[in-house]
1. Determine how large the accessible area of M89 is when every protein chain is in place; take a 1.4 Å probe and give Å² rounded to the nearest 10.
2. Checking the a/c ratio against 1.5 first, then a/b against b/c, what shape does the Cα gyration tensor give for segment 15-65?
3. In deg cm²/dmol, rounded to 500, what helix-only [θ] at 222 nm does the chain give when every DSSP H run of at least 4 residues adds -39500 (n - 2.57) and the total is split over its residues?
4. Output the pairs from K4/K67; K29/K67; K76/K127; K76/K223; K4/K223; K76/K121 with a Cα-Cα distance over 21 Å in this structure; if there are none, say none.
5. Not counting ligands, DNA or RNA, and with a 1.4 Å probe, what is K249's accessible surface area in Å² rounded to the nearest 10?
6. So if I average 1/r over every pair of distinct C-alpha atoms in the chain and take the inverse, what Kirkwood radius in Å does that give?
7. With the Cα gyration tensor of segment 61-107 in hand, convert its eigenvalues to equivalent ellipsoid semi-axes via √(5λ) and list them largest first in whole Å.
8. Can you compute 3J(HN,Hα) from phi for each residue in segment 122-131, using the Karplus curve 6.51 cos²θ - 1.76 cosθ + 1.60 with θ = phi - 60°, rounded to whole Hz and x for Gly and Pro?
Amino acid sequence: MKLKQIFKVFNEGSIDEKVALNHLSLSLKEGDFVTVIGSNGAGKSTLLNVIAGRLIPDDGDVLIKEKSMLDVPEYKRSRSIGRVFQDPMAGTSPTLTIEENLAIAYSRIHKRTLKPGVTAKRRVYFKEQLELLGLGLENRLSAKVGLLSGGERQALSLLMATFTKPDILLLDEHTAALDPSRADLITNLTKKLVENGNLTTLMITHNMQQAVDLGNRLIMMDKGSIVFEAEGKEKQGLTVNSLLEEFSKIKSDSSLSDKALLI
């Protein structure tokens, strides 16, 4: 996946004008797992929304497998993009059963027919995939998803977003709304599913330890730009304290630059 000089501004020409993405470029190799950090308003969620097609950039291009996505609507991009949101209730349908939710996700990349969405063959496959979660959901295929806990629903959302092997997986603070034990569960499942599937992944998080522990690359955003990046051995050597120091330095330099513009 490639982002080329993405520019996005909100409320252009008004007193509330805000540049959300400032000519941002980013390339992900197949299998890259990139964690994204930055303060509120840095442009992190806007970045994911532009990739997913929920927002159209004012300038620049989004390429997946070297193909421009600018003219591809969000619902069609979902065939190649998996996404898990912060809200555990956002990724599943509560009135449908576990197997019906999985059938909907499965149909994103498989030809739709007039046959039932849940066949005996697919049910076996769904059970095999659910077993990877270690939550016993493979024994509750007919249970309504609305009856599951927040952690169980988020685990199901994560599975639904990954088991179809998307070209890019977008994780938008997907553990932030969970209690610590469930957040740890989803974090571990994320690592397992991404590594097993060699999935190209972009994950937003406010959890510095999570950003350090997961993935092979890390980027820090501020004011719509990438202001720091680490990968490989440099990424492995990062600590929460070193990240905080880097962030403080960048914010200090940014503040000085802003003051200089006012002089």
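The values are calculated or read from the model by the stated rules, or taken from the named source; none is laboratory data. All of these numbers come straight from a predicted model, not from anything done at the bench. Here the Cβ is made from the backbone with ideal geometry for all residues, glycine too, and neighbour counts use every protein chain on show. Just the protein is used for accessible areas: all its heavy atoms, side chains included, with ligands, DNA and RNA removed. Shrake-Rupley method; radii C 1.70, N 1.55, O 1.52, S 1.80 Å.
1. 100 Å²
2. oblate
3. Mean residue ellipticity, 222 nm, calculated: -11500 deg cm²/dmol.
4. K76/K127; K76/K223; K76/K121
5. Here the accessible area works out near 120 Å².
6. 19.6 Å
7. Values: eigenvalues 137, 30, 13 Å².
Largest first, segment 61-107 gives 26, 12, 8 Å.
8. Each residue of segment 122-131 in turn: 5, 4, 4, 5, 4, 4, 4, 5, 5, 4 Hz.
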